[in-house]
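What follows is one structure encoded as structure tokens, with my remarks underneath.
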Amino acid sequence: MNGQTIFPIDAPHQPSFDNFVVGPNQELCAGLSSWPRGFSGFWLCGEDVCGKTHLLRASCLGAAQSGFLQAYIDCLELGASGFVDAVGDLIGRIRQGADLSVCVAVDHVEALRSEITAEEMLMALYNVLNDSGAGVSRRLLVAHRHNAGQLSFVLADLNSRLRALAHYQLQPLNDEEKSRVMTRRAEQRGYRLGDNVVEYWLRRGPRGIDQLLADLDRLDQATLEQQRLLTVPLLKSVLGY
């Protein structure tokens, strides 16, 4: 279903806790990596490229590896009506299994604001996850640029429930941490990213980690097509800076 993703656990370059550069977000990552019994809820906020989506997907991957029912839902991609359909199906599956551990990640939740049916469905999702048996683990993850106190839904009860989730403000990566992300991604693909290339790249190129990784994909393809090492001249010719 478009916008609702059930992740294969062996997908290449799948966002995981292992390939997330933690930086100053140690407490959050430790909490997301553990699966206590009962209900737990997290609200992740921060800039658009600080890693919120990565951690939502990593949590779903971790849930899948533990044998849990899991779903990553991008509200911006799916839209309010699509969210209602997807979550309605998901709630039906959860209700069929009282002993089912579940992780649901809701990204770009702002797309549901003022859409009453979608807000009601999000409230229903919260309730069914919160009404968990003592022997199972059920988790709701929500991501938005700002904290829940800065995002008002029409449903007052929904506001109070979401504002009660554990809130974490993700901190953006510094240049050293961005370098580690790109170097690790290159190593996963079987080649070394030289320090001189990374230094030039971070000094001249865009700063957002999403764009850096997209550019790395372009460079990776160029090295294969041209049978060349990834050097500063190649970077200049492919990326234009």
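The values are calculated or read from the model by the stated rules, or taken from the named source; none is laboratory data. Quick caveat, the model's predicted, so the values are computed rather than measured. Glycine gets a Cβ as well: all are built from the backbone with ideal geometry, and neighbour counts include every protein chain shown.
Report whether or not residue 138 is crowded, with 17+ Cβ neighbours inside 10 Å and charged (D, E, K, R). Spelling it out, residue 138 is indeed crowded, with 17+ Cβ neighbours inside 10 Å and charged (D, E, K, R).
For every residue, the table says whether it meets (1) crowded, with 18+ Cβ neighbours inside 10 Å; (2) within 21 Å of residue 109 (Cα to Cα); (3) over 13 Å from the mean Cα position of the chain (by Cα); (4) at pLDDT 95 or above.
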position: 17; (1), (2), (3), (4): no, no, no, no
position: 30; (1), (2), (3), (4): no, no, yes, no
position: 42; (1), (2), (3), (4): yes, yes, no, yes
position: 52; (1), (2), (3), (4): yes, yes, no, no
position: 55; (1), (2), (3), (4): yes, yes, no, no
position: 59; (1), (2), (3), (4): yes, yes, no, yes
position: 67; (1), (2), (3), (4): no, no, yes, no
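Out of the residues in region 182-217 that are under 18 Å from residue 236 (Cα atoms) and acidic (Asp, Glu), which is modelled with the lowest pLDDT? Among them, the one singled out is 217. Is there a residue in region 191-201 that is surrounded by fewer than 13 Cβ atoms within 10 Å (Cβ to Cβ), assigned by TED's automatic domain parsing to the domain that holds residue 78 and not β-branched (Val, Ile, Thr)? No: region 191-201 contains no residue that is surrounded by fewer than 13 Cβ atoms within 10 Å (Cβ to Cβ), assigned by TED's automatic domain parsing to the domain that holds residue 78 and not β-branched (Val, Ile, Thr). Taking region 131-146 as the range and being outside any strand (DSSP E or B) and either touching a helix residue (DSSP H, G or I) at 6+ places or on another chain (Cβ under 8 Å) or among the aromatic types (Phe, Trp, Tyr) (or both) as the test, only 145 passes.
Among the residues of region 48-55, is any hydrophobic (A, V, I, L, M, F, W, C), in contact (Cβ under 8 Å) with a residue 12 or more places away in the chain and over 15 Å from residue 177 (Cβ atoms)?
To start, the set of residues in region 48-55 that are hydrophobic (A, V, I, L, M, F, W, C) comprises 49-50, 55.
Within this subset, residues satisfying the condition of being in contact (Cβ under 8 Å) with a residue 12 or more places away in the chain are 49-50, 55.
Among the residues that remain, those that are also over 15 Å from residue 177 (Cβ atoms) are: none.
Within region 48-55, none of the residues are hydrophobic (A, V, I, L, M, F, W, C), in contact (Cβ under 8 Å) with a residue 12 or more places away in the chain and over 15 Å from residue 177 (Cβ atoms).
Taking the criterion of being in a loop (DSSP other than H, G, I, E, B) and among the hydrophobic types (A, V, I, L, M, F, W, C), the residues of region 149-172 that qualify are 151, 153, 154, 155, 164, 165, 170.
I'm trying to understand the selection: among the residues of region 84-116, which are part of a helix (DSSP H, G or I) and either on the phi > 0 side of the Ramachandran plot or outside the structural domain of residue 64 (by TED's automatic domain parsing) (or both)?
At the first step, the residues of region 84-116 found to be part of a helix (DSSP H, G or I) are 84-96, 109-112, 116.
Across region 84-116, there are no qualifying residues.
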